[in-house]
Amino acid sequence: MTRIYTGKAAKKYRVPAEVADMVNLAMALRRPLLVEGEPGCGKTMLAYAVAEELGFSEPIKIVVKSTHQAKDLLYRYDALRRLQDAQTAKRDEDLHVYPYIKLEKLGKAIYNKKPCVVLIDEIDKADIDFPNDLLDVLDTLSFDIDDLPDDEADQCPYGRRVSGDDTVQTLVIITSNREKQLPEPFLRRCLYVNLPFPDDPGLLNEIATLNLGCDFSQELVDAAVHTFTQIRNSAKAAEVHKSPATSEMIDWIRILHMRSIDGKALLEKDKLPPYWQALFKTASDIDIYRANATTEP
Amino acid sequence: MSDDAVLYGLFIRLRQQGMRLAVRDYLDGLRALRLGFGVSSRGNLQQLCTALWVRTDEDRRRLALMFAELETPTDEDVQRLIGAAPTGQSNRPTKNTGPHRQESFAQPSPQKGRSEESRSVTFDRPGGDGIALPRSNIRLDCPESFVLTPPAIVDSRSLVVAWRRMWIARRTGPRTELDIQATISTLTHRGGLVEPRLVAPRRNLASLTILIDASRSMAPWLDVIPHFETSLRQSRLAKSAIYYFDNVPSSQLFQTSRLTSPVPLQEVLFLHSGSPVLVFSDGGAARGRITRQRIIGTRDFIKNAKARLYPFAWINPVPRNRWPSTSFEQIGHLSGLSTFELTEEGLIQAVDVLRGKREVRR
C-alpha cells in the first residue's frame, strides 16, 4: 500500500503542496530527493515530518562529516578486534572475517527492507568525492561488502551483496547548504526541490501556532508574524548576509512571550520591535539592518 | 496521451537548446505522468519538469520561458497532433506534409476567434519524424526573457580537482597509525603481542605557489581569481600561497588582489624555495601588442624564479589562437616555458607539469 504525503498532517510541520508532490514523486520514482533552501527553513525537519505523517519509524539520520568516506556509511569492518581475538584463537575456524562486519546506519536501512526515511544531512560538508561514491548505492539501493572474502559469503548473515527491496517505500532525503558545488552526475540522479520560505502569511501563522503551543496568545502570534514578515522583507532589500527564517521567527516569539511583551508593542510604528536583534546572526547584519531601518520614514 | 506528446516536445526542445538531459530523464518523466504527477494542470507539469530536469538557475529560466511560449492546445489541435504522431512504419509523416500541415492548422484559429491581433500560432517544423508543437508568437511579459549569465570558464570544483592531483605521499610525523604487517610479524617472532607497532600516517607533502596577475588587462577574468583562493583551501596541499603582481613581477609581489601589502620578491623566493610555481597571467596577450619591456622583464623574472621555484608552469586565460604576434608568444619562445590555456584540460596538463610528470615545450 503506497502512502501519500500531504504536507499537512504532521504535528508541527507544514509545507506547500508543491513540495509534498515532490516528496511523493521521489518515492514513486525511487530517486533521492535533494533539498536545498535557506538555513533555518526546515530542511532537516522535513524528513522527520514525512516519517511522522507516513507512519514510518524514526528517520535514520546520517550526519556527514568532512572525513567521511561512502563506505563508512554502509558497514564497518573491525579489523583491530579480529587481530586481537586471533591471538587467543583456539581453532582455525575462529579466524573468520564475517563476525567482525557490522552494518552502519545506511547499510542497516537497506538491509532491513522496511519502509523508512533516510536523511543525509549537509552533504556538501563532505569531501568532494563523497557524493560520487554514493551514486551507485543510492541508485540501486544495494552495495557490496568488499572486505568479506568470497568463500565466507554464504556464512555471513548479510551476504556479499546487500540489496534493498524494490517494493518497499524508501525515501532518501539529502540536504545541502550550497557551501560547495556538488558533482553533476550526482545532481542529475537526484530530484531537486527548493524548500521555500513560507511567504503566505496564513501558512506562516499556522506554522508558528503549531510550534509554539497553546499558552501563547493568538494576538501576540499574529502581531509577531506580521512584524516578522516586514522585517524579513526589509532585511532582504538591505541585502543582509543571512535573512531571518522560520526558526529565527519561532525563537523570537518565544523570547517575546518569556519577557511578557504584548502584541500591541510590536505594531508600534517608527520603532524597531523589541528584541529584533535576536533575528539576525551576525553583528554586521544587525548594523546593516539598523542603518536601513532608521532611514525609513 | 496528449501529455506524453507535450513532454516529448519539451524534452527535445530543451535538448536542442543545450540542456544536458539523458534518455533516463525522459523515461522518468513518462513514468511520473503514468503515476499521475503533473497531469492536473499546466503549472503541475511545469513543476514536474523543473524537479526532474532543472539543476541550475539558467535551466530554470529556459524552462519557464518555454512554458510561457507554449500555447495551450485546444481539443482539436490535440486530436490532430495525436493523429499525426508517429505510430510506426505505417504512419510516417514525410517532409512533404510538413508545410502542408502548417497551413491546415493555421486555418481553424481565426474561425474560432481565438487569435487576437497580437497573437498568432505557428507550428514548429518537425525535424524528421518529430511532432510539431504549437508555439505562440506573443510578446513575453516575463521579466527575464534573456538569459545573460555566461557559463563559468572554470569553477571552484575543477580547480580543486586539479590541485588534488598534486599528491606526494610520505610517512612523516608522529606514529599514530597501526602497522598491521609489522604487528603480525612481531607477533609471529615473539609469540605474543606486547604492544602494537605504530607507523606515521601518510601525509601529502605537495606544495604550490601561485602568482596571479591582478592588473587591468586581467579584468575579464576577475571572477575566476577568488576561485583560486577558495579552491586552495580545499586542496589538501601541505603548503600553498598566492601572490599577486601587476603585469610583470618586478622586485615586489603583493598579498592581496588589490595589490596591497607588498612582499619583496626575494623573500617570496626564499620562503617558498623548492615549491612548484604556477603563473596565471595574460602575459600581454590580452592587449595584443608586442612590448619589448614586458618581454624582457618577464624573461628576467622567469630566469630568477626558476633557480628557486621548480617546476614552472604558466596558465594564460586568453585563448591559444590569440597568442601569436603578441608579447606572450615571444615570452614562451624565449624561456622554453610550459604554457597552457585556462580550460579543464589545460589545468590538468599544467598540474601534471608541476608534478614533474610531463615536460612540455610549447
Revision key, fill the gap. Shielding of B:49-56 by other chains, given as the mean Cβ count within 10 Å, works out to 5
**Study point:** Positive-end residue, the range A:1-152 charge dipole about Cα centroid, Cβ charges, pick of A:Y98, A:I110, A:L54
**Key:** A:L54
Check your understanding: Picking from B:A238, B:G284, B:H272, whose Cα lies most toward the positive end of the charge dipole for the range B:204-320 (charges on Cβ: Lys, Arg +1; Asp, Glu -1)?
Key -> B:G284
Practice item. Rounding to the nearest 20 debye, state how big the charge dipole of the range A:202-297 is about its Cα centre with +1 on each Lys and Arg Cβ and -1 on each Asp and Glu Cβ. Key: 180 debye
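Helix by helix through chain A, keep the DSSP H runs that span 24 Å or more along the axis on Cα and average at least -1.0 on Kyte-Doolittle, and give those back in order. Could the numbers behind the result be given before it?
Details: long enough: A:218-237 (29 Å, -0.23).
Answer set is A:218-237.
Checking the table A:K11/A:K61; A:K8/A:K236; A:K105/A:K242; A:K12/A:K114 against a 30 Å threshold on Cα-Cα, which pairs fail?
On the way: A:K11/A:K61 20 Å; A:K8/A:K236 28 Å; A:K105/A:K242 33 Å; A:K12/A:K114 25 Å.
As for pairs spanning more than 30 Å Cα to Cα, those are A:K105/A:K242.
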**Study point:** Ellipsoid semi-axes in whole angstrom, largest first, where each is sqrt(5λ) of the Cα gyration tensor of the range B:228-318
**Key:** 22, 16, 14
Practice item. Hey, for a label at B:T291 modelled as a point 7 Å past Cα toward Cβ, could you say which residues of the range B:225-250 have their backbone N under 13 Å away? Key: B:246-250
Review point. To the nearest 0.05, how large is the calculated FRET efficiency for B:R15 and B:H189 if R₀ is 56 Å and r is the Cβ-Cβ distance?
Key: 0.25
**Study point:** Helix-only mean residue ellipticity at 222 nm for chain A, each DSSP H run of n ≥ 4 adding -39500 (n - 2.57), per residue, nearest 500
**Key:** -12500 deg cm²/dmol
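Calculate the mean, over all residues of peptide B:34-41, of how many other protein chain Cβ atoms lie within 10 angstrom of the residue's Cβ.
Per residue, the number of nearby Cβ atoms from other chains is 2 on average.
Mind checking the range A:170-222 for trypsin sites (Lys or Arg not before Pro) that DSSP puts in a loop (not H, G, I, E or B) and that have at most 12 other Cβ atoms within 10 Å?
When the trypsin sites (Lys or Arg not before Pro) of the range A:170-222 are filtered for loop state and at most 12 Cβ neighbours within 10 Å, A:R178 remain.
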Point to revise | Inter-site label distance for A:R81 and B:K303 at 7 Å from Cα along Cβ, in nm | key: 6.8 nm
Revision key, fill the gap. Ordering A:78-87, B:321-330, A:197-206, A:29-38 by per-residue average of other C-beta atoms within 10 angstrom, highest first, gives A:29-38, B:321-330, A:197-206, A:78-87
Check your understanding: Tell me which lysines have Cα within less than 20 Å of B:K306's Cα, excluding those fewer than 8 residues away on the same chain?
Key -> B:K239, B:K357
Review point. Within the range B:194-211, what residues put their amide N at less than 16 Å from the label point 7 Å along the Cα-to-Cβ vector of B:S257?
Key: B:210-211
Point to revise | Rough spin-label spacing in nm, given labels placed 7 Å along Cα→Cβ, for A:K269 and B:D3 | key: 5.0 nm
Review point. Taking each residue of A:25-32 in turn, how many C-beta atoms of other protein chains fall within 10 Å of its C-beta, and what is the average?
Key: 4
Exercise for review: List the residues whose amide H sits under 5 Å from the amide H of B:Q252, counting only those 5 or more places along or on another chain, with H placed 1.01 Å from N in the peptide plane.
Suggested key: B:L265
Revision key, fill the gap. antiparallel share of DSSP beta bridges within the range B:215-362, to nearest 5, in %, is 35 percent
Check your understanding: Sorted by packing (mean other beta-carbon atoms within 10 Å per residue), highest first, where do B:250-259, A:264-273 land?
Key -> B:250-259, A:264-273
Review point. Which part of the range A:54-88 falls in the paramagnetic zone of B:A169, meaning amide N under 12 Å from the point 7 Å along Cα-to-beta-carbon?
Key: none
Study note, to complete from the structure: Two pseudo-spin positions, 7 Å from Cα along C-beta at B:S250 and at A:S284, lie apart in nanometres by 3.3 nm
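Taken together, the values in this text are just the output of simple stated rules run on the coordinates, not laboratory data. None of these values were measured; they are calculated from a predicted model. With ideal geometry, Cβ positions are generated from the backbone for all residues, glycine too; neighbour counts draw on all protein chains shown.
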